[in-house]
Amino acid sequence: MSATRHPTRSARRGLLYRLAADARGGTIIEFAMISVPFFALMIAILQTSLTFFVQQTLDTVAEKSVRILVTGAAQKANMTASDYKALACKRLPPFFTCSKLLIDVRSASRFSSIDTRIPTITYDSNGNPTNLTFEPGDPGQITIVRMMYVWDVAPGPLGFDLSTVGNNKRLIVSTQVFKGEIS
């Protein structure tokens, strides 16, 4: 019968001491612990930056498209909602899709009666919005134009989510309020 040899207590302590004192491989272990949160943070920063860029782009499109309403040229030309959307779509950059652009134009007699909250959009069975209007108003009236774009967002790591309307989509809204020029 052969006897198995077990290391003595002092030999085990020596082995543990040598393992604890050995610094080789420490960098890779530290990197492994920090890399997941680091890359998650980098992806979240990129997604947030892209969303802010899209918001600024939509603001620019809205600002340029509203001018025809401010001057009353759209009203004089009897422009319809589809005509105005076509005009706004011409100003969209190539990475935007016109079908995802929603426009709501309402007018009022006083600034205090304008509702500037983000609207809740309802859709019919064909997927067309039902509660958007196109009422540019007369010269001297207050008008609010909301250009909305349904932007596809990717789900981020560690539960980071920029979607606001579900299905990995975010509603980007640009609001312009003005008083029409009196001719």
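In the range 163-183, the qualifying residues are those that are touching a Gly at 6+ places or on another chain (Cβ under 8 Å) and modelled with pLDDT under 85, and the one that is farthest from P119 (Cα to Cα) is S183.
Look through the range 120-134, keep the residues that are closer than 21 Å to V61 by Cα and not in a loop (DSSP other than H, G, I, E, B), and return whichever of them is nearest to the chain's Cα centre (by Cα).
Just the residues of the range 120-134 that are closer than 21 Å to V61 by Cα, to begin with: 121, 129, 132-134.
Filter once more, keeping what is not in a loop (DSSP other than H, G, I, E, B): 129, 134.
Numbers: P129: 20, F134: 25 Å.
By that ranking, first place goes to P129.
When the residues of the range 81-119 are filtered to those that are among the polar types (S, T, N, Q) and under 19 Å from V177 (Cβ atoms), which remaining residue is farthest from the chain's Cα centre (by Cα)? For the range 81-119, the residue satisfying everything is S109. Restricted to the range 170-180, and to residues there that are over 8 Å from the mean Cα position of the chain (by Cα) and not small (G, A, S), the residue that is farthest from L58 (Cα to Cα) is K179. The condition (being buried (at least 16 other Cβ atoms within 10 Å of the Cβ) and assigned to a loop (DSSP other than H, G, I, E, B)) is satisfied by just one residue among G166, G137: G137.
Residues of the range 110-129 include none that is surrounded by 15 or more Cβ atoms within 10 Å (Cβ to Cβ) and of a type in the set (S, T, Y). Within the range 90-103, identify whether any single residue is surrounded by 11 or more Cβ atoms within 10 Å (Cβ to Cβ), in contact (Cβ under 8 Å) with a residue 40 or more places away in the chain and basic (K, R), and answer yes or no. So far as the range 90-103 goes, yes, one or more of its residues are surrounded by 11 or more Cβ atoms within 10 Å (Cβ to Cβ), in contact (Cβ under 8 Å) with a residue 40 or more places away in the chain and basic (K, R).
For every residue, the table says whether it meets (1) β-branched (V, I, T); (2) at pLDDT below 95; (3) farther than 25 Å from A154 by Cα.
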residue: F53; (1), (2), (3): no, no, no
residue: T57; (1), (2), (3): yes, no, no
residue: T71; (1), (2), (3): yes, yes, yes
residue: R106; (1), (2), (3): no, yes, yes
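When the range 65-79 is filtered for residues that are under 26 Å from V54 (Cα atoms), touching a residue at least 24 places away in the same chain (Cβ under 8 Å) and more than 25 Å from the chain's Cα centre (by Cα), the ones remaining, listed by number, are L69, V70. Taken together, the residues in the range 59-78 that are buried (at least 18 other Cβ atoms within 10 Å of the Cβ) and in a loop (DSSP other than H, G, I, E, B) amount to 1. Tallying residues that are among the aliphatic types (A, V, I, L, M) and either surrounded by fewer than 17 Cβ atoms within 10 Å (Cβ to Cβ) or within 13 Å of V177 (Cα to Cα) (or both) within the range 140-152 yields 4. Restricting A154, A108 to residues that are touching a strand residue (DSSP E or B) at 6+ places or on another chain (Cβ under 9 Å) and among the small types (G, A, S) narrows the list to A108. Take the conditions (1) in a loop (DSSP other than H, G, I, E, B); (2) modelled with pLDDT under 90; (3) under 30 Å from L46 (Cα atoms); L158 misses just one of them, which is (1).
The values are calculated or read from the model by the stated rules, or taken from the named source; none is laboratory data. All values reported here derive from a predicted model rather than from experimental measurement. Don't worry about glycine lacking a Cβ; one is built from the backbone with ideal geometry, like all the others, and counts go over all protein chains shown.
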